[in-house]
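Below is one structure; the comments refer to it alone.
The values are calculated or read from the model by the stated rules, or taken from the named source; none is laboratory data. Fair warning: this is a prediction, and the values are worked out from it, not measured in the lab. Methodologically, a virtual Cβ is constructed for each residue, glycine included, from the backbone with ideal geometry; neighbour enumeration extends over all protein chains shown.
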Amino acid sequence: MIDFLKPLVTEIEAVADSRVLGTAQLVRHFARTGVRAETFKNNGIVGILYKPGDDRKHRGLILLGGSEGGFPTPEGPMLASRGFVVLALAYFGAAELPPALQRIPMEYFGRAIRAMLALPDLEGAGVTLVGASRGAEAALMVGSMYPEIDGVVGVSPSHVRWEGTTAKMLPGGPAWTHADKPLPYVPFHVGPGLVARYAWSRISGSPFSLEPMFVDSLSRSRVDDAQIAVERIRGPVLLASGTDDRKWPSALMSTRAMDRLRRNHHPYSDDYVSYQGAGHWIPSAYLPTRGLRGRIADEIGGTPEATANAQSQWWPRMLQFLAAIRS
């Protein structure tokens, strides 16, 4: 795991006719001097706690990553640098936790919230959730169930609970439970066309988009019971998605979540921002946007230019939203 308390160095080369014409080095700092990170284990909770490094009290945030599991980064030290106490919370895919996104109890998040609120350097009686992808799905769910949550930020979110996945990223039954009972979810519809496209992507090395499968699954399922009751969140909701998300239809699902908030007259300043041409990944860290896919099997969508534009706009927008809650 990358230590985001240390700077990230990016080497840049200008090449023409196989000749290097010039070089440059970009150093990206994620944390201000004094920001501290410590392993956080409390009543079965596993995470990394980032603190601003002074003696004042600060608002609390919980970060939730997506289907990759483990600890969400690098927003933890970045947000701690902005004056928040941040818990980068793992909920599967880390030591002492389930290995896959299957049957994750909602009570786990409740314990994390209570542990955060018990910290002596926390200000206020609430905690804000920031999640991405399946972590945004979780954030909206947790926010709808626990009144201590005073706001939710969701990047590339879902308006419904989806089926879980095994460690090999196969359909895995219920992703979430409450009181030891599975919560209703939309199952994945894996048809022969999807299998054929996946097989071809493995043979050819071409990108593989899961977005059509999610759209098909939504159209084939009764989604009412699986919808997240976002109107129960006791604070404002900020959602963001890209119009070219090829991982899943986050623009469609963001719109449906916002529609539900409006239909139910959610009494807070909710907002949804859509980034033209951006894909599933809308980073907050001003990271390089070329050459990011490497060997991943699925297509996340978005051009490097659109992704760079989205991340330059998203970070200040999220900070503005969080500051409004803090005030």
**Report entry** Tally, over region 252-282, of residues that are closer than 23 Å to N309 by Cβ and either in contact with a Phe, Trp or Tyr (Cβ under 8 Å, 6 or more places away or on another chain) or exposed (fewer than 14 other Cβ atoms within 10 Å of the Cβ) (or both)
**Finding:** 9
Requested in this report: Out of the residues in region 214-233 that are part of a helix (DSSP H, G or I) and of a type in the set (D, E, K, R), state the one that is modelled with the lowest pLDDT.
Outcome: R220
**Report entry** Which listed residue is farther than 21 Å from S67 by Cβ and surrounded by 19 or more Cβ atoms within 10 Å (Cβ to Cβ), from P236, P249, P192
**Finding:** P236
Report task. Considering only region 169-213, state which residues are hydroxyl-bearing (S, T, Y) and either free of Cβ contacts under 8 Å to residues at least 24 places away in the same chain or not in a loop (DSSP other than H, G, I, E, B) (or both). Result -> T177, Y198, S201, S204, S206
Report summary line: The residue that is farthest from the chain's Cα centre (by Cα), considering only those in region 64-92 that are at pLDDT 95 or above and among the aromatic types (F, W, Y), is F84
Report summary line: For region 8-56, the count of residues that are of a type in the set (V, I, T), closer than 30 Å to F92 by Cβ and exposed (fewer than 13 other Cβ atoms within 10 Å of the Cβ) equals 1
**Report entry** L61 being on the phi < 0 side of the Ramachandran plot, assigned to a strand (DSSP E or B) and within 17 Å of the chain's Cα centre (by Cα)
**Finding:** yes
Query - E107 under 18 Å from the mean Cα position of the chain (by Cα) and not hydrophobic (A, V, I, L, M, F, W, C) - result: no
Query raised in the report: Limited to region 208-250, what total is found for residues that are within 17 Å of the chain's Cα centre (by Cα) and under 14 Å from P184 (Cβ atoms)?
Result: 1
Query raised in the report: What's the number of the condition L261 fails, among (1) in contact (Cβ under 8 Å) with a residue 24 or more places away in the chain; (2) closer than 24 Å to E68 by Cα?
Result: (2)
